[in-house]
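Below is one structure, written out as structure tokens; comments come after it.
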Amino acid sequence: MTRRRLHLNAFLMNTGHHEASWRLPESDPYAHVELDHYVRLARTAERGTFDSLFLADGPQLWSNLAQRPASALEPLTLLTALATATEHIGLIATASTSYNSPYNLARKFASLDIISGGRAGWNIVTTAGAEAARNFGLDAEPAHAERYARAAEFLDVALKLWDSWEDDAIVADKAAGVWGDDTKIHPPRHRGKYFGVEGALNVPRSPQGYPLLVQAGSSKDGKSFAARYAEAVFTAQQTLEDAQDFYADLKARTVAAGRNPDHIKVLPGIVPVIGSTEAEARANEQVLEDHIVYTHGVDRLEGLLQLPSGTLELDGQLPADLPPESSIEGAKSRYTLVVELARRERLTVRQLIGRLGGGRGHLTFTGTPEQVADAVEEWFTLGAADGFNIMPAVLPSGLETFVDHVVPLLRARGLLREEYGPRQTLRARYGLPRPANQHVSPAAGSPALARV
Ligand SMILES: Cc1cc2nc3c(=O)[nH]c(=O)nc-3n(C[C@H](O)[C@H](O)[C@H](O)COP(=O)(O)O)c2cc1C
């Protein structure tokens, strides 16, 4: 039996995940629009034999530009450029089902999968917040349940589009004068509540069949959606116990949806803050905290908790009468995580902002490389994670430190591959099977895979 190995995904974000990272002397405040910055990060992650890279996204400009670098290059475009600068690593782009149309998006992901030789992944999000909604002709964000209903139909249509070409639809028979076989094209002819898509995609079936499907919302609706469609799940968990509960719940839902629980990989986010000694690591964390602008933090927290501006006192606690998660239409699971964190540890608003500064709710592991490796191993072996979404507090240095000092320990413990070996698709790296085309019996084989 092959040994179970960690899956590592590098969650890249301009100068790092810590909100104050851009203010450090080493940081380039223009990194968010520097291709070279992202090429360097991608190559570093590839040196660390990570499974994949990931870019978050939302179709809106954050409203307080003073806070931190707030604009971002469009992920599919940036990852296409990174595909040509790397060889093995997977490329996962976030795209919203609320503010895209299936035909255009399915085409873009099929294109990235072809260009990268089968390394594309899609982080499927429904996008919380009214700011994005107002950029697409709406006055307010669609209700949470409505967003997930649209997401489910979006996926059904996208899957029909990716399967609209059989793998061997291109015949390329010059002698006979036959380029393609029309009997191997299957137009979706879809008429649904949200979408109408008649014709087949204008891109052939890609090396993976379709991109690795990743999901990142941990509410009840989010988990049901993930159980049905997702092959990897990004999640924020603050304690080992919560992470174990989430893991068990998601795997059980996946079984209930008729799928193999090993075919969905659970990847909690961690923000490693590393030092050669524990004291040095704490000092590195303190430098970041010292650069937080707390008034910005209050604005953001009030936004997340949907409180009127001016409600929160920096040295007070969160209000006792916050509404239940059921009345939140934005990001439900993050709302609950933040409220529970503050209550469990009796944090003041100032302390809570400090705790959220590193990873917006993702767990910060501060310590030596050995301590970070121990924590990773503990969550991996105790049923809390199949791998991790690595979210360095500062970039590029945080990723370089992780790769140079934590990766060798993980390899020495047999938890991480030593090298990539032959080229593989992203889905194969995650240990998942290539999906069959819904129009073809599995015995017919998959010639496109042979080329990767
Ligand atoms: C690691 C991670 C990354 C995420 N990235 C995005 C993102 O890029 N864009 C986005 O709109 N939401 C992102 N989300 C949040 C949710 O997917 C999304 O807001 C969802 O609608 C709210 O989830 P929930 O209500 O099911 O909890 C991310 C969540 C996690 C855990």
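Computed quantities for the displayed model
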read-out: Boolean, TYR148 is away from the ligand (no atom under 13 Å from the Cβ), touching a residue at least 24 places away in the same chain (Cβ under 8 Å) and buried (at least 17 other Cβ atoms within 10 Å of the Cβ); value: no
read-out: Cβ pairs under 6 Å, 6+ apart, first in region 228-241 and closer than 17 Å to VAL214 by Cα, second within 12 Å of the ligand (Cβ to nearest atom) and in a loop (DSSP other than H, G, I, E, B); value: PHE234/ALA216; THR235/SER218; ALA236/GLY361
read-out: All positions within region 66-110 that are of a type in the set (A, V, I, L, M) and assigned to a loop (DSSP other than H, G, I, E, B); value: ALA66, ALA70, ALA72, LEU73, ALA85, ILE89
read-out: Region 373-393, residues that are buried (at least 23 other Cβ atoms within 10 Å of the Cβ) and not in a helix (DSSP H, G or I); value: ALA385, ASP386, GLY387, PHE388, ASN389, ILE390, MET391, PRO392, ALA393
read-out: Lone unmet requirement of (1) in contact with a helix residue (DSSP H, G or I) (Cβ under 8 Å, 6 or more places away or on another chain); (2) modelled with pLDDT under 95 for ILE270; value: (2)
read-out: Any hit, region 393-413, residues being within 16 Å of the ligand (Cβ to nearest atom) and of a type in the set (S, T, N, Q); value: no
read-out: Residue satisfying all of: in region 119-132; surrounded by fewer than 22 Cβ atoms within 10 Å (Cβ to Cβ) and in contact (Cβ under 8 Å) with a residue 12 or more places away in the chain; farthest from the ligand (Cβ to nearest atom) among these; value: GLU131
read-out: Subset of region 345-364 [assigned to a loop (DSSP other than H, G, I, E, B) and in contact with a strand residue (DSSP E or B) (Cβ under 8 Å, 6 or more places away or on another chain)]; value: GLY358, GLY359
read-out: Counted residues, region 43-67 - those being over 15 Å from the mean Cα position of the chain (by Cα) and of a type in the set (D, E, K, R); value: 3
read-out: So GLN306, is it in a helix (DSSP H, G or I), surrounded by fewer than 16 Cβ atoms within 10 Å (Cβ to Cβ) and under 29 Å from the mean Cα position of the chain (by Cα); value: no
read-out: Selection within region 281-322 - under 30 Å from GLU377 (Cα atoms) and free of Cβ contacts under 8 Å to residues at least 12 places away in the same chain; value: ALA283, GLN286
read-out: Residue that is farthest from THR311 (Cα to Cα), among those in region 321-334 that are in a helix (DSSP H, G or I) and more than 8 Å from the ligand (Cβ to nearest atom); value: SER326
read-out: Where a residue in region 173-190 is small (Gly, Ala, Ser) and its partner, wherever it lies, is surrounded by 12 or more Cβ atoms within 10 Å (Cβ to Cβ), with Cβ under 8 Å and at least six apart; value: GLY180/ALA169; GLY180/ILE170; GLY180/VAL171
read-out: Leading residue by the ranking (nearest to LEU416 (Cα to Cα)) among those in region 73-89 that are within 15 Å of the ligand (Cβ to nearest atom) and either surrounded by 18 or more Cβ atoms within 10 Å (Cβ to Cβ) or under 12 Å from the mean Cα position of the chain (by Cα) (or both); value: LEU79
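Yes/no matrix, rows are residues, columns are (1) buried (at least 16 other Cβ atoms within 10 Å of the Cβ); (2) on the phi > 0 side of the Ramachandran plot; (3) in contact with a strand residue (DSSP E or B) (Cβ under 7 Å, 6 or more places away or on another chain):
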| position | (1), (2), (3) |
| --- | --- |
| PHE225 | yes, no, yes |
| PHE234 | yes, no, yes |
| GLU241 | no, no, no |
| GLN244 | yes, no, no |
| THR277 | no, no, no |
| ASN284 | yes, no, yes |
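One line per residue, one yes/no per condition, for (1) more than 17 Å from ALA436 (Cβ to Cβ); (2) β-branched (Val, Ile, Thr):
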| position | (1), (2) |
| --- | --- |
| ILE114 | yes, yes |
| ALA128 | yes, no |
| GLY137 | yes, no |
| ASP156 | no, no |
| LYS193 | yes, no |
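The values are calculated or read from the model by the stated rules, or taken from the named source; none is laboratory data. Not measured: the values here are computed from a predicted model. Please note: Cβ atoms are built from the backbone with ideal geometry, for glycine as well, and neighbour counts cover all protein chains shown.
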